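Trainee: Quick one: the structure is below, questions incoming.
The values are calculated or read from the model by the stated rules, or taken from the named source; none is laboratory data. Remember, it's a predicted structure, so these values are computed and weren't measured experimentally. Here the Cβ is made from the backbone with ideal geometry for all residues, glycine too, and neighbour counts use every protein chain on show. Only protein heavy atoms, including side chains, enter the accessible area calculation; ligands, DNA and RNA are left aside. Shrake-Rupley method; radii C 1.70, N 1.55, O 1.52, S 1.80 Å.
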Amino acid sequence: MALALPETVEQNHWGNPSFRVRGRIFATVPDGGHVNVMIDPFDVEAVVRNEPESCQELWWGKELRGVRVSLLNAAPAMVAELLRAAWRRKALKRLSS
């Protein structure tokens, strides 16, 4: 799904796959059952509240960075929507810099 988004490339990130647009990571795969999606921190609470069986907050240190998605429990359409949102966020930041 991630590679279908424009200008997306897959690169190694600390031994795991990451998906990037114009050099900026918008998703990582920490293991075979999860994907970390870097959506806007403002949107995380609503996603976790609406999808508690498949999504949890993703923290890096003290920073909320997105959601950790359980692929076993997540609907493919929801995963695709989250990936598009994260892709858009990173692509637009890069275009505006």
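Trainee: For the range 45-52, just list the computed ³J(HN,Hα) in residue order, Karplus coefficients 6.51, -1.76 and 1.60, θ = phi - 60°, integers in Hz, with x standing in for Gly and Pro.
Mentor: 4, 5, 5, 5, 5, 7, 10, x
Trainee: Further, regarding this structure: Ignoring ligands, DNA and RNA, what accessible area per residue does the chain give at 1.4 Å, in Å²? Before the final figure, lay out the partial values.
Mentor: Values: 5980 Å² over 97 residues.
Value for the chain: 62 Å² per residue.
Trainee: Continuing with this model, one more query. For the range 47-97, which GluC sites (Glu not before Pro) pass both filters: DSSP loop (anything but H, G, I, E, B) and at most 10 other C-beta atoms within 10 Å? Show your work: numbers first, answer last.
Mentor: On the way: sites: 53, 57, 63, 81; in loops: 53.
Loop-located and lightly packed - 53.
Trainee: Sticking with this one: Carbon and sulfur: what percent of the chain's accessible surface (1.4 Å probe)? Walk me through the intermediate numbers first.
Mentor: On the way: 3200 of 5980 Å².
Ligands and nucleic acids excluded, carbon and sulfur reach 54 percent.
Trainee: Still on this model: For n ≥ 4 DSSP H runs only, could you compute -39500 (n - 2.57) per run for the chain, divide by its residues and tell me the 222 nm figure to the nearest 500?
Mentor: That calculation yields -10500 deg cm²/dmol at 222 nm.
Trainee: How long is the range 21-97 along each principal axis, judged by its Cα atoms, biggest number first, in Å?
Mentor: Extents along the principal axes, in whole Å: 36, 25, 21.
Trainee: If you build a Gaussian network model of the chain, linking Cα atoms that sit under 10 Å apart, which residue out of 27, 80, 46 swings the most?
Mentor: Highest fluctuation among the options: 46.
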